[in-house]
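Peer 1: Please find one structure pasted underneath; my questions will follow.
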Amino acid sequence: MLQDQQGREFRYLRLSVTDICNFRCNYCLPDGNQDCHSLESHLSLEEISSLVATFARLGTQKIRITGGEPSIRRDLTDIIRICKQTPGIQSVALTTNGYKLPKFVQSWVDAGLDRLNISVDSLDPRMFQSITGHDRLEEILQGIDLALQSGLEKVKINSVLMREYNLGEFSQLVHWVKNKSVTLRFIELMQTGDNEKFFRRNHVSGEELKQFLLQDNWIPVARSKTAGPAIEYMHPDFAGRIGLIMPYSKDFCKSCNRLRVSSQGKLHLCLFGEEGFSLRHWCRPEAQELLQQKIYEFVTLKKDSHFLHAGKTGATRHLAMLGG
Ligand code: SAM
Ligand code: SF4
């Protein structure tokens, strides 16, 4: 079992399969893919297979495939299948902006996808376009309905609220889950290397949203030991739930249960760390013992907390680099 010096256990791997994206979200990649890596340089299927098998031997049970936008990879269905067929992996999840859902969601589910997170920052097509740079809201909403019928174990929606953009949609977004069995999670805008000014103008504290929910009779749900970073709320009149992800809250890092690997095969111990540790050289079937040893060594270097409160974002210029 992978454990760090603080005793935190890591059974969850977030695997970024590309840093390229077709959207230009204003808080993430406002200028597009300028300094992303080329598709050819991303981890291959063989490398992914070795990597996932080694993590699984070290106790990883859940893989989340993320990006950039993972669905720009033509072999995404194969990646899902490889992860799912790896002994020890119990759950395969995907985070996507949803633009390819209508075409592919069923083949992803058939390949073994268990859980899906879709990012939707606005339900107003014009606002959606001004945030993401694309007029695709309609297809994405259709894709979500298909995902809900596809046999997935869980579908979640991620939204980032920004003061100068979609904050006014808070109530509409909450109301959207009245008859939908999904968890809608508001992710507090995080500062990254590239978005400092934007962050200062647009950051909305999760505490502010929490007060709105409590006033509206939303009830916090007891957290399980293995729960992720979201605090979830339920309401007797709503089919869906609301989650709050508050990276600036006290003790956020105490329950950290995840490690990250970039599309270039670097292990990142924290989303906001200073460096990644390259594992790529050992992502081969014949080097699995060494890979295992290296992962063990690197994990002991994990710091107990990020330094976001001090405005220190590490080497992370934007979250498309690592997948959030
Ligand atoms: N492209 C996919 C998507 O958008 O779902 C996966 C990658 S994206 C980096 C993963 C999540 O990170 C998305 O839900 C996105 O909204 C969130 N995200 C990106 N930049 C962020 C930031 N600066 N602060 C908070 N969340 C951010
Ligand atoms: Fe792309 Fe996701 Fe970043 Fe938006 S948040 S630019 S969809 S990687």
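Peer 1: Mind checking which residues of the stretch 63-91 are within 16 Å of ligand 1 (Cβ to nearest atom) and among the hydroxyl-bearing types (S, T, Y)?
Peer 2: Hits for the stretch 63-91 are T66, S71.
Peer 1: Give the residues of the stretch 1-46 that are acidic (D, E) and near ligand 2 (Cβ under 9 Å from one of its atoms), sorted by residue number. Lay out the reasoning, then the answer.
Peer 2: To start, the set of residues in the stretch 1-46 that are acidic (D, E) comprises 4, 9, 19, 31, 35, 40, 46.
Within the stretch 1-46, D19 is the sole residue that qualifies.
Peer 1: To continue, here is another question. Picking from T95, T77, which residue would you name as being under 19 Å from the mean Cα position of the chain (by Cα), closer than 24 Å to E46 by Cβ and in contact (Cβ under 8 Å) with a residue 60 or more places away in the chain?
Peer 2: Details: T77 fails: in contact (Cβ under 8 Å) with a residue 60 or more places away in the chain.
When all the criteria are applied, what remains is T95.
Peer 1: Tally up the residues in the stretch 271-320 that are surrounded by 14 or more Cβ atoms within 10 Å (Cβ to Cβ), of a type in the set (S, T, Y) and either outside any loop (DSSP other than H, G, I, E, B) or within 16 Å of ligand 1 (Cβ to nearest atom) (or both), please.
Peer 2: The total comes to 3.
Peer 1: Quick test of your reading of the structure: C256 fulfils all but one of (1) away from ligand 2 (no atom under 16 Å from the Cβ); (2) closer than 19 Å to L51 by Cα; (3) at pLDDT below 95; (4) crowded, with 16+ Cβ neighbours inside 10 Å. Name the failing condition by number.
Peer 2: (2)
Peer 1: When you scan the stretch 22-36, do you find a residue that is touching a strand residue (DSSP E or B) at 6+ places or on another chain (Cβ under 7 Å), hydroxyl-bearing (S, T, Y) and modelled with pLDDT of 95 or more, even just one?
Peer 2: Within the stretch 22-36, the first condition is being touching a strand residue (DSSP E or B) at 6+ places or on another chain (Cβ under 7 Å), and the residues that meet it are none.
There is no residue in the stretch 22-36 that is touching a strand residue (DSSP E or B) at 6+ places or on another chain (Cβ under 7 Å), hydroxyl-bearing (S, T, Y) and modelled with pLDDT of 95 or more.
Peer 1: Taking the stated definitions as given, is G323 within 16 Å of ligand 2 (Cβ to nearest atom), outside any helix (DSSP H, G or I), buried (at least 17 other Cβ atoms within 10 Å of the Cβ) and of a type in the set (G, A, S)?
Peer 2: Details: within 16 Å of ligand 2 (Cβ to nearest atom): yes; outside any helix (DSSP H, G or I): yes; buried (at least 17 other Cβ atoms within 10 Å of the Cβ): yes; of a type in the set (G, A, S): yes.
Here the answer is yes, as G323 does meet what is asked.
Peer 1: So G276 fits all but one of (1) touching a residue at least 40 places away in the same chain (Cβ under 8 Å); (2) closer than 26 Å to E40 by Cα; (3) of a type in the set (G, A, S); what number is the exception?
Peer 2: (1)
The values are calculated or read from the model by the stated rules, or taken from the named source; none is laboratory data. Bear in mind the structure is a predicted one, so any value in this text is a computation, not a measurement. Don't worry about glycine lacking a Cβ; one is built from the backbone with ideal geometry, like all the others, and counts go over all protein chains shown.
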